[in-house]
Amino acid sequence: MIIEKILVTGACGQLGNVLTSKLQEKWGTNNVIASDLRSLTDFNGVFETLDATDYDAMEALVIKHDITQIYHLAAILSAKGEKEPLDTWNVNMKTLLNVLEVSRLHKVKKVFYPSSIAVFGDKIERVNTSQSPNLTPTTVYGMSKVAGENWGNYYHHKYGLDIRSIRYPGIIGHQSLPGGGTTDYAVYIYHKAIKNEQFECFLKPKTFLPMIYIDDAVRATIEIMDAPKEKITIRTSYNISGMSISPEQMVTSIKNTYPDFKAVYNPDYRQNIADSWPMSIDDSAARTDWNWMPKYLLEDMTKEMIEKLKHKHSLKEIQL
Ligand code: NAD
Ligand code: SER
């Protein structure tokens, strides 16, 4: 087997945390270089502090570790992004352009770029949103992801870079906390439930959004990166779906374990963002091209989230 040397940017984030462990399992701990703006002292593996907006620092790391693949996760997400639009654009675009250039100039053969359901905007059919409608995002985060998808496509066609990308739905997992998105409520709701606390939701009860369980999100990432090159017919980004759920449905599902669980609803600026996103996603291209198939629906996910968080809570390992 050819051994790859992997660089992960934004490795301390909600997804990076879990994906990095999976990549370590697959490629060997010493072949995965986790990096982030934040520095970690107790990381199990190779960690480098990297501001991914700094091209020279990124290039030095790529040369030092002989990197052959980059998973570029560093970004500022939708809700946080609306507070600092220009900074968000700068961080999201500069980091990606650095990754693309360093890959073109060095031996990096494959790049993974995460896109998002935030690319769509309010001009779409919100149910079963298709792969290629007009993309008119309403957030700077969504704008940066649309531009990023197109830059990836450009580097593929112009320079032959093997870049692969997924438009993730909101990711829900027990291992890590989300970092400032519109879908974050769907993680925090479980943390409140296992502590028998009331949940205050920043979205309305019937706000349906596409979501995905972290195990499915990580598996999708590994599967698209492992797929034969000729199967990847879309070099902007693939729609993938997990489930389409609302806060109200999550509460009902949690009540199966915690019958007294209650939520109150105080929608804020994130409601407008959510209302401009799809309610559900047509992921037939991903299913056809690289056999994507989600495994988790709401009830399986709730069961697992509660079990894992309860266990962590009993060990006092919960971050909140
Ligand atoms: P997160 O906010 O939890 O983590 C992002 C990480 O990037 C953080 O650890 C942060 O310190 C780091 N970072 C920010 N600026 C940086 C910089 N200049 N240099 C280096 N590191 C920097 O995000 P996440 O949820 O883990 O998302 C990972 C990727 O997946 C992002 O690109 C995001 O857009 C995408 N995505 C996530 C979701 C989701 O629901 N979590 C959904 C769709 C797409
Ligand atoms: N979960 C992300 C967010 O809410 C979607 O990209 O920003």
Looking only at the stretch 59-78, and only at residues there that are closer than 10 Å to L7 by Cβ and buried (at least 24 other Cβ atoms within 10 Å of the Cβ), the one that is farthest from ligand 1 (Cβ to nearest atom): I70
Of all residues making up the stretch 117-138, the number that are polar (S, T, N, Q), under 21 Å from I212 (Cα atoms) and either surrounded by fewer than 17 Cβ atoms within 10 Å (Cβ to Cβ) or within 12 Å of ligand 2 (Cβ to nearest atom) (or both): 4
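From L135, L61, L105, L96, which residue is among the hydrophobic types (A, V, I, L, M, F, W, C), within 20 Å of the chain's Cα centre (by Cα) and farther than 22 Å from T207 by Cβ?
Working: L135 fails: farther than 22 Å from T207 by Cβ; L61 fails: within 20 Å of the chain's Cα centre (by Cα); L105 fails: within 20 Å of the chain's Cα centre (by Cα).
From the options L135, L61, L105, L96, the qualifying one is L96.
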Number of the condition not met by F261 [criteria: (1) assigned to a loop (DSSP other than H, G, I, E, B); (2) surrounded by fewer than 21 Cβ atoms within 10 Å (Cβ to Cβ)]: (2)
Checklist (1) away from ligand 1 (no atom under 14 Å from the Cβ); (2) surrounded by 23 or more Cβ atoms within 10 Å (Cβ to Cβ) applied to E197, failing item: (2)
Members of the stretch 148-170 found to be touching a Lys or Arg at 6+ places or on another chain (Cβ under 6 Å) and aromatic (F, W, Y), listed by number: Y159
Condition met for H191 (assigned to a helix (DSSP H, G or I), more than 16 Å from the chain's Cα centre (by Cα) and within 21 Å of Q14 (Cα to Cα)): yes
Which numbered condition T183 fails, given (1) touching a Ser or Thr at 6+ places or on another chain (Cβ under 9 Å); (2) within 15 Å of ligand 2 (Cβ to nearest atom); (3) assigned to a helix (DSSP H, G or I): (3)
Positions within the stretch 128-153 being in contact with a helix residue (DSSP H, G or I) (Cβ under 6 Å, 6 or more places away or on another chain), among the hydroxyl-bearing types (S, T, Y) and assigned to a loop (DSSP other than H, G, I, E, B), in sequence order: T139
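We did not get these values from a lab; they are worked out from the coordinates using the rules stated. Keep in mind that this is a model prediction, so the values were computed, not measured. When we count neighbours, we look across all protein chains shown, and the Cβ atoms used for this are built from the backbone with ideal geometry, even at glycine.
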